[in-house]
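What follows is a single structure, written as structure tokens, with notes after it.
Nothing in this text is a laboratory measurement; each read-out follows from the coordinates by a stated rule. All of these numbers come straight from a predicted model, not from anything done at the bench. Using ideal geometry, Cβ is built from the backbone for each residue, glycine included, and neighbour counts are taken over all protein chains shown.
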Amino acid sequence: MLKGKCAVVTGAAKGIGRSIALKYAKLGANLVINYRSSEEEAISLEKELKELGVEVLVVKADISNFNDANNLILMAKERFGSVDILVNNAGITRDGLVMRMKEEDFDRVIEVNLKGVFNCIRAVTPIMVKQKSGKVINMASVVGITGNAGQLNYCAAKAGVIGMTKSLARELGSRGINVNAIAPGFIQTDMTNELGEKAKDAVMANIPLKRFGNVSDVAELAAFLASESASYITGQIISVDGGMSM
Ligand code: NAP
């Protein structure tokens, strides 16, 4: 279904990004996997992906840095000749109630989760416009829609990603480029493992499907959005949250 396509996944070494990279490889895409600090995990992912018979380029880059993000996309283009799919997955949390939130915790979350998405979009747009095709998939979050106490910085960034997704979809629709966002709910990864049992119970009480999500729940949607089956879908924010944001 994605045979021969070039897919760039940011923050691919772990969690949701890793699952998306593996899913894309199973569908035949060549992968550019980006990591920032998880080198060991990135190398083990590279091996797993190659075993699936696809070509892989591993790029260390901090996507919050404009030049790093630009180089990541240019390296993908140079290696594979096109960039067909960009998944803006990399993200961080620095949670805290607003009265105790440090300025640097606000700034860093915005730099990575919002500016980082812009940086990659800015780099890939001229390539996709020239190709007259492309799929951009941004990782938002349920809390970018609902808000969440203790995550003002993260929610602001994710709400920004939603605005960016819709704006870019409007700008690039006439160029054959689809831009969508996924809004995951509570997905079991390192990011959510940090939460205490009490907080997890409170989240569970609001999930109609009565289970936390798996990384593969998100990867399935990312595969659909990257495929031609989703060619008439753009500017959408699609929740994968067990019904949490209803
Ligand atoms: P994760 O396991 O913590 O993985 C996050 C990834 O982002 C890591 O691989 C990390 O790379 C990468 N990253 C962080 N800062 C980066 C930077 N400056 N440059 C490049 N890569 C960077 O988290 P996850 O749960 O899979 O989250 C993936 C995405 O889904 C995030 O955008 C997150 O906000 C979103 N999301 C997650 C949930 C959830 O419940 N888990 C819910 C809603 C949305 P290194 O490890 O190499 O540093």
Taking a straight Cα-to-Cα line shorter than 26 Å from LYS200, and setting aside same-chain lysines fewer than 8 residues away, one finds LYS14, LYS102, LYS158, LYS210
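Convex hull over the alpha-carbon atoms of the stretch 54-117: what's its volume per residue in Å³? Intermediate values should be presented prior to the final figure.
Numbers: hull volume 5.9 nm³, N = 64.
Given the Cα convex hull of the stretch 54-117, per-residue volume reads 92 Å³.
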Quick calc: nm separation of the 7 Å Cα→Cβ label points for SER133 and ASP190 -> 3.5
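Strictly greater than 26 Å: what percent of every Cα pair in the stretch 6-234 meets that?
Numbers: 8666 of 26106 pairs.
In whole percent, the long-distance tail amounts to 33.
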Calculated from DSSP helices alone, with each H run of at least 4 adding -39500 (n - 2.57) and the total divided by the residues of the chain, [θ]222 nm to the nearest 500 comes to -14000 deg cm²/dmol
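Quick one: if you take sqrt(5λ) for each eigenvalue of the C-alpha gyration tensor of the stretch 186-246, what semi-axes come out, biggest first, whole angstrom? Don't jump to the answer; show the numbers that get you there.
Values: eigenvalues 142, 33, 15 Å².
Semi-axis lengths for the stretch 186-246 are 27, 13, 9 Å.
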The alpha-carbon center of the stretch 58-112 and that of the stretch 129-200 are separated, in whole Å, by 13
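Under the 0.36 nm per residue contour assumption, what length would be gained going from the current alpha-carbon distance of MET204 and ARG175 to full extension?
Working: separation 29, 0.36 × 29 = 10.44 nm, distance 4.15 nm.
Net length gain for the segment: 6.3 nm.
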Placing each pseudo-label 7 Å from Cα in the direction of the beta carbon, ASN214 and LYS47 end up separated by a distance in nanometres of 2.3
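Which order do ASP105, ASP241 fall in if you start with the one that has the fewest other Cβ atoms within 10 Å? Don't skip to the answer; put the middle values down first.
Details: ASP105 18, ASP241 26.
In increasing order of surrounding Cβ atoms, one gets ASP105, ASP241.
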Excluding residues fewer than 8 positions from LYS130 in its own chain, the lysines with Cα under 20 Å of it are LYS5, LYS77
In this structure, the FRET efficiency calculated for MET1 and MET99 from their beta-carbon separation, with R0 = 41 Å, to the nearest 0.05, is 0.25
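Grab the Cα-Cα distance for SER37 and ALA149, subtract it from 0.36 nm times how many residues apart they are, and report the gain in nm with one decimal. Let's see the in-between values first.
Working: separation 112, 0.36 × 112 = 40.32 nm, distance 2.84 nm.
That works out to 37.5 nm of additional length.
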Under 20 Å by backbone N from the virtual spin label 7 Å along Cα-to-Cβ at PHE224, the residues of the stretch 2-33 are 2-3, 16-29
Note: probe point = Cα of ILE233 + 7 Å toward Cβ; backbone nitrogen < 17 Å; residues of the stretch 2-18 passing the test are 2
